[in-house]
Amino acid sequence: MNSSVFTVKGMTCTGCMTKVTNAVTGLDGVNDVDVDISNGELTVLSETPVDADRIRQAIKEVGYEVVS
């Protein structure tokens, strides 16, 4: 299983978490998503590598910024 961690700027509540989770979960190849609001981290699990730029773009489209 592949794991990628992203730092997302602007997440402050469970609504934010839901938006980001839904945006990334809908991407092909993504098996699971875990969002830690307190650390501003998103962890993506996939069986095959998922393009990090696709993940960043999906997060941007719902109004948040990936800073790393």
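Points worth noting:
- Pairs meeting the criteria (first residue in the range 44-68 and free of Cβ contacts under 8 Å to residues at least 40 places away in the same chain, second residue of a type outside the set (D, E) and part of a loop (DSSP other than H, G, I, E, B), beta carbons under 8 Å, at least 6 apart or on different chains) are R54/L27; A58/G26; A58/L27.
- Residue ID - nearest to the chain's Cα centre (by Cα), chosen from residues in the range 1-22 that are farther than 15 Å from R56 by Cβ and assigned to a strand (DSSP E or B): S3
- Test: residue in the range 23-41 that is more than 17 Å from M1 (Cβ to Cβ), free of Cβ contacts under 8 Å to residues at least 40 places away in the same chain, of a type in the set (V, I, T) and part of a helix (DSSP H, G or I): no
- Residue list for the range 48-66, filter: surrounded by 11 or more Cβ atoms within 10 Å (Cβ to Cβ) and assigned to a loop (DSSP other than H, G, I, E, B): V50, D51, V62, G63, Y64
Since every read-out is calculated from the coordinates, none of them should be taken as a lab result. Note that this is a predicted model, so its numbers are computed, not measured. Backbone-built Cβ (ideal geometry, glycine too); neighbour counts: all protein chains shown.
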